[in-house]
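Here is the structure we will look at.
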Amino acid sequence: MGILCRADEIGEGEARGFDYGEHSLVVVRMDGQLHVYVNWCPHLGIELNFQPDEFFDLDRRYLQCANHGALFEVDTGDCVLGPCKGDALRKVGFTVENGDIRILSVPTRTR
C-alpha cells in the first residue's frame, strides 16, 4: 500500500487522524510505541472524534468515542467501558521504513 505520514509527526502521548484513500485512520504514540487503528467506533459505526485530532479522554489514558464516551485501550484497541465493551477498534497493519509509516493493510468496516 502506501505511506501515511512520517513517524516523527506523532509525538509521545499524541493521536492524529488521517484520511487514507477511502479510510479514516488514527495514529497514536504511547509509551514510545506507534499504533494505527481504523477511526471507526464499533458501537455506532461513526468516527471517534468530533474535532480534528481529539481522540483522548480527559486523562489522556484511553482513546474515547466523542459521541457516547466509550473508552479504548491505546495498545490493544479493546473497549473497556461503554456500550461496545468487549469489542475493539480495528488494527491497521503498518511498518515504519526510513522514518515513514507505511500502511500494509486496512481491515474493512462491518457497518
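Quick notes on this structure:
- Count of region 71-99 residues which are assigned to a loop (DSSP other than H, G, I, E, B), within 15 Å of the chain's Cα centre (by Cα) and either closer than 18 Å to D59 by Cα or among the β-branched types (V, I, T) (or both): 5
- Residues that are touching a Gly at 6+ places or on another chain (Cβ under 9 Å) and not aromatic (F, W, Y), drawn from region 55-79: D57, R60, L63, Q64, C65, H68, G69, A70, L71, D78, C79
- Some residue of region 88-107 being in contact with a helix residue (DSSP H, G or I) (Cβ under 8 Å, 6 or more places away or on another chain), among the β-branched types (V, I, T), surrounded by 13 or more Cβ atoms within 10 Å (Cβ to Cβ) and modelled with pLDDT of 95 or more: yes
- Given (1) part of a strand (DSSP E or B); (2) basic (K, R); (3) without any contact (Cβ under 8 Å) to a residue 60 or more places away in the chain, index of the condition R60 fails: (1)
- Residue in region 63-97 that is farthest from F50 (Cα to Cα), counting only those that are without any contact (Cβ under 8 Å) to a residue 24 or more places away in the chain and charged (D, E, K, R): E97
- Matching option when the condition is in a strand (DSSP E or B) and touching a Ser or Thr at 6+ places or on another chain (Cβ under 9 Å), among R29, R102, R16: R102
- Failed condition for N67, given (1) out of contact with any helix residue (DSSP H, G or I) (no Cβ under 9 Å at 6 or more places or on another chain); (2) of a type outside the set (D, E, K, R); (3) part of a strand (DSSP E or B): (3)
- Top-ranked residue of region 54-78 - restricted to ones that are touching a His at 6+ places or on another chain (Cβ under 8 Å) and under 27 Å from M1 (Cβ atoms), ranked as surrounded by the fewest Cβ atoms within 10 Å (Cβ to Cβ): D75
- Residue within region 24-37 that is under 13 Å from L4 (Cα atoms) and among the aromatic types (F, W, Y) present: yes
- Yes/no for L48 being in a strand (DSSP E or B) and either within 19 Å of V106 (Cβ to Cβ) or of a type in the set (V, I, T) (or both): no
The values are calculated or read from the model by the stated rules, or taken from the named source; none is laboratory data. As the structure is a prediction and not an experimental result, all values here were calculated from the model. Positions of Cβ are backbone-derived with ideal geometry, glycine not excepted, and every protein chain shown enters the neighbour counts.
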